[in-house]
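Chemist: Below is one structure. I have some questions about it.
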Amino acid sequence: MQVFRSYRRVRRSVWMIRTAVAALLLALPGAATAADAFPKPDAERAFSYLKQICEIGPRISGTEGMIRQRELLQKHFAELGAEVGLQEFDVSHPETGAPVRMANLIVTWHPEAKQRVLLCCHYDTRPFPDQDPLPANRTKPFIGANDGASGVALYMELAHHLPKIQPTYGVDFVFFDGEELVYDNSRDKYFLGSEHFATEYRDNPPEHTYVCGVLVDMVADRDFRVFYEKNSLRYAPEVTRSVWRTAARLRVRSFVARRKHEVRDDHLPLNRIAKIPTTDIIDFDFPYWHTRNDIPAACSPKPLGEVARVLLTWLTEVPAAEDL
């Protein structure tokens, strides 16, 4: 036991020294070369991915649009050197009862690492824009540029840089299916993909363990600001604060270290079922949430670049597992 405690102290000390040195390097004028050497996410390229995804149209679970998106992503990540797999399962369609084939897409970097970090988002779109101010629009197609495509586009961009950095842990991208295959808010179930993933992780443990996780959702708003999400602070306080500390050090002011919304999202099954401490980066002040106007014109490249930069840096300075 004494040896274990000593090991923890050493790990904690190493992390604190590494973080302090990184901050000092960024602060010193003469250290520009070191900072410049770190990969820089391309916000415009990320935004082009967002538009490419939206051109597919709605990506509702079990539809042709979702299949086309999945094939695009499998090809994209495989070409950039990742291992790509599917976690398939079936659910009943909430309207018809017919079976719907679901698939969480899992993208693996540094597969040899037994301790890993989970970066995730949902990649399905809601069947209809149920919050549109015009009732006539609520049965029309929903594109989901920010609510759906933004997280996907962000990870498509990060994939260009993962082979160039030395993350603290192995990294998996997980794209959850069925986050909102919801036709009736009072009846239908949310978070189908993340609940299946979390249950499988608990009941059939893989050879690796997830130290922590970050969920992103709606990260391309033109007026982008993200606050501490209350459930994230409840279940994963140190993970949450560590991400916002990285943003503060990088002077990314769109990350506001103040609690605001309490959001039910895919991080809840990860925290409650899988016991993976997971934070949610979500801009829940997006004015076009679940409306027909959630289109690329309502989005901006800038926040995609900012969140990508924060996450890419954070992956190299994730706190030790015992401190999360």
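The values are calculated or read from the model by the stated rules, or taken from the named source; none is laboratory data. All of these numbers come straight from a predicted model, not from anything done at the bench. Because the Cβ atoms are built from the backbone with ideal geometry, glycine has one as well, and the counts that use them run over all protein chains shown.
Chemist: Kindly indicate which of Asp266, Asp285 is of a type outside the set (Ser, Thr, Tyr) and within 17 Å of the chain's Cα centre (by Cα).
Modeler: Asp266
Chemist: Consider Ala257 carefully, then state whether it is crowded, with 18+ Cβ neighbours inside 10 Å and of a type outside the set (S, T, N, Q).
Modeler: no
Chemist: Of all the strands (runs of 3 or more DSSP E) wholly in the stretch 34-153, which have at least 2 residues that are in contact with a helix residue (DSSP H, G or I) (Cβ under 6 Å, 6 or more places away or on another chain)?
Modeler: Filter on the stretch 34-153 gives 83-92, 99-109.
Chemist: Of the residues in the stretch 228-244, how many are crowded, with 18+ Cβ neighbours inside 10 Å and not small (Gly, Ala, Ser)?
Modeler: Of the residues in that region, 8 qualify.
Chemist: Six or more apart or on different chains, Cβ atoms under 8 Å: show the pairs whose first residue is in the stretch 211-228 and in the same structural domain as Ser150 (by TED's automatic domain parsing) and whose second is among the acidic types (Asp, Glu) and surrounded by fewer than 21 Cβ atoms within 10 Å (Cβ to Cβ).
Modeler: Taking only residues 6 or more apart or on different chains, the pairs are Asp221/Asp285; Asp223/Asp285; Arg225/Asp285.
Chemist: Among the residues of the stretch 193-201, are any crowded, with 16+ Cβ neighbours inside 10 Å, among the hydroxyl-bearing types (Ser, Thr, Tyr), within 16 Å of the chain's Cα centre (by Cα) and not in a strand (DSSP E or B)?
Modeler: Looking through the stretch 193-201, at least one residue is crowded, with 16+ Cβ neighbours inside 10 Å, among the hydroxyl-bearing types (Ser, Thr, Tyr), within 16 Å of the chain's Cα centre (by Cα) and not in a strand (DSSP E or B).
Chemist: Quick check, is Arg11 within 27 Å of Ile276 (Cβ to Cβ), modelled with pLDDT under 95, surrounded by fewer than 17 Cβ atoms within 10 Å (Cβ to Cβ) and touching a helix residue (DSSP H, G or I) at 6+ places or on another chain (Cβ under 9 Å)?
Modeler: In short, yes.
Chemist: Sticking with this one: Please pick out the residue among Val211, Val219 that is part of a loop (DSSP other than H, G, I, E, B) and among the aliphatic types (A, V, I, L, M).
Modeler: From the options Val211, Val219, the qualifying one is Val219.
Chemist: What's the number of the condition Pro94 fails, among (1) surrounded by 22 or more Cβ atoms within 10 Å (Cβ to Cβ); (2) within 25 Å of Leu270 (Cβ to Cβ)?
Modeler: Result: Pro94 fails condition (1) only.
Chemist: A further question follows. With (1) touching a strand residue (DSSP E or B) at 6+ places or on another chain (Cβ under 8 Å); (2) without any contact (Cβ under 8 Å) to a residue 24 or more places away in the chain; (3) basic (Lys, Arg) as the list, and Arg101 as the residue in question, which single condition is left unmet?
Modeler: (2)
Chemist: Kindly indicate whether Asp177 is acidic (Asp, Glu) and touching a Gly at 6+ places or on another chain (Cβ under 9 Å).
Modeler: Yes: the conditions hold for Asp177.
Chemist: Still on this structure, please answer the following. All but one of (1) within 17 Å of the chain's Cα centre (by Cα); (2) outside any loop (DSSP other than H, G, I, E, B) hold for Phe224; which doesn't?
Modeler: With respect to (1) within 17 Å of the chain's Cα centre (by Cα); (2) outside any loop (DSSP other than H, G, I, E, B), Phe224 is out only on (2).
Chemist: Within the set of pairs 6 or more residues apart or between chains, which connect a residue that is farther than 11 Å from Lys260 by Cα inside the stretch 280-291 to a residue that is of a type in the set (Ser, Thr, Tyr) and at pLDDT 95 or above with Cβ atoms less than 6 Å apart?
Modeler: So the pair list comes out as Asp280/Ser232.
Chemist: Something else now. Would you say Pro206 is assigned by TED's automatic domain parsing to the domain that holds Asp124, more than 15 Å from the chain's Cα centre (by Cα) and within 18 Å of Val171 (Cα to Cα)?
Modeler: Yes.
Chemist: So how many residues does the stretch 258-309 have that are more than 30 Å from Phe38 (Cα to Cα) and assigned to a strand (DSSP E or B)?
Modeler: Number of matching residues: 1.
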